[in-house]
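Take a look at the structure set out below.
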Amino acid sequence: VEGAAVDRYAKHLDRLLLDATFVARHLPGADRAIDAIVSRAIAAGVGGADSVLDNGPGPETERIAEVALRKGPDVFRARVLANYAHTCAFCGLRSRLPDENSFLLLASHIRPWRNASAHERLDPRNGISLCAIHDRAFDWGFLTVDRDFRVQASRHAHDHYAPEERVRAEILDLNGRSLARPDRDYVPPAEPYLAFHRENVFEKRFRCGA
Ligand SMILES: [Zn+2]
């Protein structure tokens, strides 16, 4: 089943990967096929193209594997930033150029890359579009997101950083704020990823006075 979809869309893969939002909305079959190809390629590692090719040798498969390895992180980034209309979900900072690049934004993994399966590394529901400072604060466990999609700030961080006016204003005061959902067809983060972040990342890498 997967193989047929792969064959059907392989010729247009370059374009499809560049237009990930369109694919996700209008070509779910292609989306799953691309997911499968890219997941296999990532699981195999950069040097593992041979095992990917074992699934179906031929120049087309080879091209897909090559494109998938190169484009995997870009697919995730494109999906996540498009989902938030190139806006930081925490503070609303919008950064967009005509060519869709957003130099000030990152597609942050909720369940971190190091703890994620190949599929989870590409799943847009495991991503939040964040500006550089909030990506850092999220990754280091100063901030997390509750099951109602509200930002939650670390009490430990608050105790330590409350006297620092800008840390308080730009990070800690986000506590209770709802995630920005600027896109009409917005897909919210999946609760299992958020739960993982709350349990394993939030306040885990940063402790003070505890
Ligand atoms: Zn921000």
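Some values worked out for this structure:
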{"read-out": "Out of Arg205, Arg184, sole residue that is part of a loop (DSSP other than H, G, I, E, B) and more than 20 Å from the chain's Cα centre (by Cα)", "value": "Arg205"}
{"read-out": "Test: Asp159 is surrounded by fewer than 14 Cβ atoms within 10 Å (Cβ to Cβ) and at pLDDT below 95", "value": "yes"}
{"read-out": "Cross-chain or 6+ apart pairs with Cβ under 8 Å, region 125-148 first and of a type in the set (Ser, Thr, Tyr), then in a strand (DSSP E or B)", "value": "Ser129/Thr87; Ser129/Leu105; Ser129/Leu106; Ser129/Ala107; Ser129/Ser108; Thr144/Val151; Thr144/Gln152"}
{"read-out": "Failed condition for Ala195, given (1) closer than 20 Å to Ser108 by Cα; (2) in contact with a strand residue (DSSP E or B) (Cβ under 9 Å, 6 or more places away or on another chain)", "value": "(2)"}
{"read-out": "Only one of Asp139, Asp99 that is touching a strand residue (DSSP E or B) at 6+ places or on another chain (Cβ under 8 Å), among the charged types (D, E, K, R) and either at pLDDT 90 or above or surrounded by fewer than 17 Cβ atoms within 10 Å (Cβ to Cβ) (or both)", "value": "Asp139"}
{"read-out": "Test: residue in region 116-126 that is closer than 22 Å to Asp74 by Cα, away from the ligand (no atom under 16 Å from the Cβ), at pLDDT below 95 and among the acidic types (Asp, Glu)", "value": "yes"}
{"read-out": "Candidates Glu170, Glu165 - the one that is over 23 Å from Ala78 (Cα atoms) and within 15 Å of the ligand (Cβ to nearest atom)", "value": "Glu170"}
{"read-out": "Any pair with Cβ under 7 angstrom, 6 or more apart, that starts in region 103-114 at a residue that is surrounded by fewer than 21 Cβ atoms within 10 Å (Cβ to Cβ) and ends at one that is part of a loop (DSSP other than H, G, I, E, B)", "value": "Phe103/Ser95; Leu104/Leu93; Leu104/Ser95; Pro112/Val201"}
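The values are calculated or read from the model by the stated rules, or taken from the named source; none is laboratory data. If you're wondering where the values come from, they're calculated on a predicted model, not measured in any experiment. We place every Cβ from the backbone using ideal geometry, glycine too, and count neighbours over all the protein chains shown.
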